[in-house]
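Only one structure is covered here, and it is reproduced in the block below.
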Amino acid sequence: MGTHTSFSNCEKCGGESWLCEDTHYDSTEEHCLNENCRYYYVDSGTLKEEDPNAFDGTGFNTPEEFKEFLEDFNFKKCEKCGDIDTNHNEDSPYCQDCETEEEKVTNS
Ligand SMILES: [Zn+2]
Ligand SMILES: [Zn+2]
């Protein structure tokens, strides 16, 4: 029961894609994390029976919409490698991998 988020592969570019499934509404939402692709797929499942404004559709977000999506879901783009990730240190502009690398460099 509930909302389950995971990662899958974008069917358009093969890149990492954020997937959110809700077993209550039998809904699926997928957003490609490749900023050059921005493919999304939304199937609101049975939510549309309760909410006529529920969004269903597939296509490509504009760069602006993609940015908003990243902000809404607390994703951040690494300023070093360009990877888009959730597990960011709020104060760091880098992804965890790059941050670990930075530390190694400064410590050696
Ligand atoms: Zn994609
Ligand atoms: Zn990085």
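Every read-out reported here was derived from the displayed coordinates using simple, explicitly stated rules and does not represent laboratory data. All values reported here derive from a predicted model rather than from experimental measurement. Backbone-built Cβ (ideal geometry, glycine too); neighbour counts: all protein chains shown.
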- Message: My understanding is that a pair violates if its Cα-Cα distance is over 25 Å; which of Lys12/Lys67; Lys76/Lys104; Lys67/Lys104; Lys12/Lys77 do that in this structure?
- Response: Lys67/Lys104
- Task: Please state the charge dipole magnitude for the chain, taken about the Cα centre, from unit charges on C-beta atoms (+1 on K and R, -1 on D and E), reported in debye and rounded to the nearest 20.
- Result: 340
- Using the eigenvalues of the Cα gyration tensor, what equivalent ellipsoid semi-axes result for the chain when each is taken as the square root of five times the eigenvalue, whole Å, largest first? 31, 15, 12
- Task: Express in nm, to one decimal, how much length is gained between Thr46 and Glu71 on full extension, taking 0.36 nm for each residue of separation and deducting their alpha carbon distance.
- Result: 6.3 nm
- Query: Thr58 to Glu16: FRET efficiency via 1/(1 + (r/R0)^6), r the Cβ-Cβ distance, R0 22 Å, to the nearest 0.05?
  - Reply: 0.80
- Task: Pop the C-beta distance of Thr23 and Asp97 into the FRET formula with R0 = 41 Å and round what comes out to the nearest 0.05.
- Result: 0.80
- Message: What is the angle, in °, between the Cα long axis of helix 63-72 and the longest principal axis of the Cα atoms in the chain? Nearest 10 is fine, range 0 to 90.
- Response: 80
- Task: Only Cα pairs under 8 Å and at least 6 apart count here; give the relative contact order of the chain as a rounded whole percent.
- Result: 14
- Message: Can you pull out the chymotrypsin sites (Phe, Trp or Tyr not before Pro) in segment 59-108 whose DSSP state is coil and whose Cβ has at most 14 other Cβ atoms within 10 Å?
- Response: Phe73
- Mean residue ellipticity (222 nm) of the chain, computed from DSSP H runs ≥ 4 via -39,500 (n - 2.57), nearest 500: -6500 deg cm²/dmol
- Checked against the positive end of the charge dipole of the chain (+1 on Cβ of Lys and Arg, -1 on Cβ of Asp and Glu, about the Cα centre), the farthest of Phe69, Gly45, His24 is Phe69
